[in-house]
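The values are calculated or read from the model by the stated rules, or taken from the named source; none is laboratory data. Note that this is a predicted model, so its numbers are computed, not measured. A quick note on method: Cβ atoms are made from the backbone with ideal geometry, for glycine too, and the neighbour counts reach across all protein chains shown. What goes into the accessible areas is simple: the full protein's heavy atoms, side chains included, and nothing from ligands, DNA or RNA. Shrake-Rupley method; radii C 1.70, N 1.55, O 1.52, S 1.80 Å.
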Amino acid sequence: EKGTYPHYMLKEIDEQPIVMRKIIREYQDENNELKLDKSIRSAMQKADRIYIIAAGTSYHAGLVGKDFIEKLAKIPTEVHVASEFSYNMPLLSEKPLFVFISQSGETADSRAVLVKIKELGHPALTMTNVPGSTLSREADYTLHLHAGPEIAVASTKAYTAQIAVLAILATDTAKAKGLELEFELMKELAIVANAMEVLTDQKEEMERLAREYLATTRNAFFIGRSGDYNVSLEAALKLKEISYIQAEGFAGGELKHGTIALIEDGTPVIALSTHENVNYSIRGNVQEVVARGANALIISMKGLEEDTDDFVLPSVHDLLTPLTSVIPMQLLAYYAALHRDCDVDKPRNLAKSVTVE
Ligand code: F6R
């Protein structure tokens, strides 16, 4: 039930800190150790390469997860759009492990891949919000997202839950392999939960920014580098699907290779800057688009803000910034859709689970 909320989407955006804390509880034992099925731990340890398969927002979560698995667990990882995988099956490694990420667990494109790789005899893990769903039943292992029912068509809390569970999976594997980690994941996720709360409390500001940047525009660009690039893809998808504004996410450095031609007077460009090592370069990209008339907004993180006009996120661990930076993106999309009189929870042409290929 959406209770006093005008839309499920807003309720689900607000639930993200609660979901984060639930995930921390569910994946931790009484000694504060990570709690994961032993068979999953051993499947991860055996794998020489991880193949993440997903669609839409879940694919975007997979891109963030690849960073975790490679940086923490040191296993090479590929992320594939499910509907493309079947045509262009990459050369598989000797001991692949397939990880399906699906909120609903019913996405037909992902299931088609699962059926194919099971025929080849490869192991599969499904990360889903619906244990007992098709993808969960047909895989060897399931990791539960614990996000609670997601009703709005636009996925919000499932995305952050997927990222958190991917971080847990990568960290657990790293520990099982005896790799040194310089941070304690669950403590960092608790900091993230608090930061999420600070952000969900800034609705008025996000409504104002959505009006200023997105109320009447025809198109919008999101730019970022490194982890911020992954979030810019999700930001663009969120805006497109509920506000019908043509939006694209771009790697900051790639703009000059063509896309910058689209920048005109007043074009909104929303730049993410949550990593110290890209802060200087992404601000350079912002200057380039502003010089061509763009209406730019920078979303940065505490310690990295250089401009008093930045929207500043609370500070969280460098690897985990997608969990917080996506929240203003979700709220911008939500308020842009409201300002444009769109049906937020049931955007045109879309269904909550896509059960046809
Ligand atoms: C976007 C959205 C879709 C889904 C995609 C995959 O907000 O909801 O892009 O993420 O259809 O769905 P699942 O995760 O159920 O496999």
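What the table shows:
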item	result
Relative contact order %, segment 113-252, counting alpha carbon pairs below 8 Å whose residues are six or more apart	13 percent
Residue-wise HN-Hα coupling along segment 13-23, computed from phi with Karplus coefficients 6.51, -1.76, 1.60 (Hz; x: Gly, Pro)	4, 5, 6, 4, x, 5, 4, 4, 5, 5, 4
Accessible surface of ASP201 - all protein chains present, 1.4 Å probe, nearest 10 Å²	120 Å²
Cα-based Kirkwood hydrodynamic radius, segment 114-203, one decimal, Å	15.3 Å
Cα pair distances exceeding 13 angstrom across segment 248-288, given as percent	53 percent
Dipole of the chain, positive direction: furthest Cα of TYR59, PRO322, PHE221, with charges on the beta-carbon	TYR59
Crossing angle, helix 56-68 versus the chain [Cα axis fit, 0-90 degrees, rounded to tens]	70 degrees
Solvent exposure of segment 1-64 as accessible area per residue, Å², 1.4 Å probe	47 Å²
ALA296 long-range amide H proximity, modeled H, under 5 Å	VAL269
Longest to shortest principal axis, alpha-carbon extents of segment 58-139, angstrom	31, 26, 20
Diffusion constant of segment 1-157 at 37 °C, which comes from Stokes-Einstein with the Kirkwood Cα-pair radius and 0.692 mPa s, µm²/s	200 µm²/s
Over segment 202-270, relative contact order from alpha-carbon pairs under 8 Å, at least 6 apart, %	38 percent
Cα centroid separation - segment 280-355 against segment 26-64, whole Å	27 Å
Solvent-accessible area per residue for segment 128-286 (1.4 angstrom probe, square angstrom)	38 Å²
q = 0.17 Å⁻¹: log10 I(q)/I(0) that the Debye formula gives for segment 297-342, counting C-alpha atoms only	-0.55
Dipole of the chain, positive end: most advanced residue of ASN31, MET127, ALA235 [Cβ charges, Cα centre]	MET127
Of LEU169, LEU91, LEU36, the one that fluctuates the most in a GNM where the chain has Cα springs shorter than 10 Å	LEU91
Value of relative contact order over the chain, rounded to a whole percent, pairs C-alpha under 8 Å and six or more apart	20 percent
Under 5 Å, built H, 5+ apart or other chain: amide partners of LEU313	SER300, MET301, LYS302
Order of exposure, largest accessible area first, which applies to GLU106, GLU357 with probe 1.4 Å	GLU357, GLU106
Solvent exposure, largest accessible area first (probe 1.4 Å, DNA, RNA and ligands not counted), of LEU179, LEU272	LEU179, LEU272
Along each principal axis, Cα extent of the chain, largest first, Å	55, 45, 43
Karplus-derived HN-Hα couplings along segment 78-84 (A = 6.51, B = -1.76, C = 1.60, θ = phi - 60°), whole Hz, x at Gly and Pro	10, 10, 10, 5, 4, 5, 8
